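Novice: Sharing a structure, written as structure tokens. Questions coming.
The values are calculated or read from the model by the stated rules, or taken from the named source; none is laboratory data. Since the structure is predicted, the reported quantities are computational estimates derived from the model, not experimental observations. Every residue, glycine among them, receives a Cβ derived from its backbone with ideal geometry; neighbour counts consider all protein chains shown. These accessible areas exclude ligands, DNA and RNA; they are computed on the full protein's heavy atoms, side chains included. Shrake-Rupley method; radii C 1.70, N 1.55, O 1.52, S 1.80 Å.
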Amino acid sequence: MFRFLVTLSILLSYFNCFSLASVVTCSGIVPMRYRNDKISITDFGGVGDGKTLNTKAFREAIYRIQHLRRSGGTLLYVPPGVYLTGSFNLTSHMTLYLAKGAVIKATQ
């Protein structure tokens, strides 16, 4: 029984690593939807220095997107940098787009 569990564990680890290695972005799973309206997190005071807390900027940007209700939805662009933030909720009809080199880092 022990040998079976170890073998199963190794196989599951292998398949998890394989599937993670083959998927670089979620666009490989879900096709990117084009949004006519685009806003940047920097328009709301977002700073990608890895030190500034950006929770207010993310919440305000998403609130704006939620209340604009633009036809076709809105894309929230996050430029390269490290954006420290607390929790925030996403909304319908939006795309959160992280540029190459952009990282969203959560606080406790």
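Novice: Within segment 55-85, count every residue that is among the aromatic types (Phe, Trp, Tyr) and open to solvent by less than 60 Å² (accessible area, probe 1.4 Å).
Specialist: 2
Novice: If we keep just the residues of segment 32-54 that are among the hydroxyl-bearing types (Ser, Thr, Tyr) and under 17 Å from the mean Cα position of the chain (by Cα), which is surrounded by the most Cβ atoms within 10 Å (Cβ to Cβ)?
Specialist: Thr42
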